[in-house]
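Worksheet for the structure shown next.
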Amino acid sequence: MAEQIAIQDRIPDNHCFGCGPDNRQGLQVKSYWTGDDETRCEFTPQSHHCAGPTHYLNGGIIATAIDCHTICTAIADGYRQAGREVGDGEKIWFATGRLDVQYKAPAPIDKPVILEAKIVDRSERKTVLHCTLSSGGRLSATADVVAVRVPDKW
Ligand SMILES: CC(C)(COP(=O)(O)OP(=O)(O)OC[C@H]1O[C@@H](n2cnc3c(N)ncnc32)[C@H](O)[C@@H]1OP(=O)(O)O)[C@@H](O)C(=O)NCCC(=O)NCCSC(=O)Cc1ccccc1
């Protein structure tokens, strides 16, 4: 099977701290389709992404990774619903309207985290997603996200 290009690497002019390919100080989150409405992301934390104790991943970094993975899933889905490849033609932007994270267990800093997102509902203006974040096979966080379509000049 041909290797997929990450969704973020197809979104034009994305300078986001969490997922912008051109943001050299950013997290560089990368997401890939795994099914019709499902995407996956593997993110390897760096030591300075720690919480108070140095062995756990910071909660804001967890929220940012979830935010970027889910919103970019909504953006890619927006292009797909329009029958276009991500990045082709008029830009499609979604913004985070709601990000509701539940922290279930700490995520160790020295292991990759796996994010799995699923689109649970979509309408003209918004896409609703559910996301899990796991580390070493243990569930660390769940999130419910509302991505809202914004104008192409957003
Ligand atoms: C755009 C919006 C979120 C909503 O605009 P409005 O004019 O108020 O929208 P409107 O009232 O027309 O509703 C349309 C539909 O949406 C629904 N809905 C709306 N809000 C909520 C809600 N809170 N919760 C739940 N649902 C909500 C509403 O019910 C309606 O649903 P309906 O169709 O009736 O079923 C505005 O409040 C805003 O700009 N907020 C700041 C966003 C921001 O700065 N985010 C952070 C930066 S982005 C980032 O970091 C990610 C990123 C990464 C990489 C690349 C790109 C992005």
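A few comments on the model shown:
- Of residues in the range 133-154 being within 9 Å of the ligand (Cβ to nearest atom) and without any contact (Cβ under 8 Å) to a residue 60 or more places away in the chain, the one surrounded by the fewest Cβ atoms within 10 Å (Cβ to Cβ): Val150
- Within the range 121-132, being out of contact with any Ser or Thr (no Cβ under 9 Å at 6 or more places or on another chain) and touching a residue at least 12 places away in the same chain (Cβ under 8 Å) holds for Arg122, Glu124, Arg125, Lys126, Val128.
- The residue that is surrounded by the most Cβ atoms within 10 Å (Cβ to Cβ), among those in the range 86-100 that are more than 6 Å from the ligand (Cβ to nearest atom) and charged (D, E, K, R), is Lys91.
- Identity of the residue in the range 58-82, in contact (Cβ under 8 Å) with a residue 60 or more places away in the chain and in contact with a helix residue (DSSP H, G or I) (Cβ under 6 Å, 6 or more places away or on another chain), that ends up nearest to Pro106 (Cα to Cα): Cys72
- Residue list for the range 135-145, restricted to those being over 14 Å from Lys118 (Cβ atoms) and either part of a strand (DSSP E or B) or among the aliphatic types (A, V, I, L, M) (or both): Ser135, Arg138, Leu139, Ser140, Ala141
- Selected residue (criterion: nearest to the ligand (Cβ to nearest atom)) from residues of the range 101-127 that are of a type in the set (Val, Ile, Thr) and closer than 17 Å to Thr64 by Cα: Val101
- The set of residues in the range 124-150 that are within 18 Å of Glu42 (Cβ to Cβ) and not aliphatic (A, V, I, L, M) comprises Cys131, Thr132, Ser134, Ser135, Gly136, Gly137, Arg138, Ser140, Thr142.
Each reported figure results from applying straightforward, stated rules to the coordinates on display, with no laboratory input. Predicted model, so just to flag it, every value in this text is computed and none were measured. As a convention, Cβ positions derive from the backbone with ideal geometry for all residues, glycine included, and neighbour counts pool all protein chains shown.
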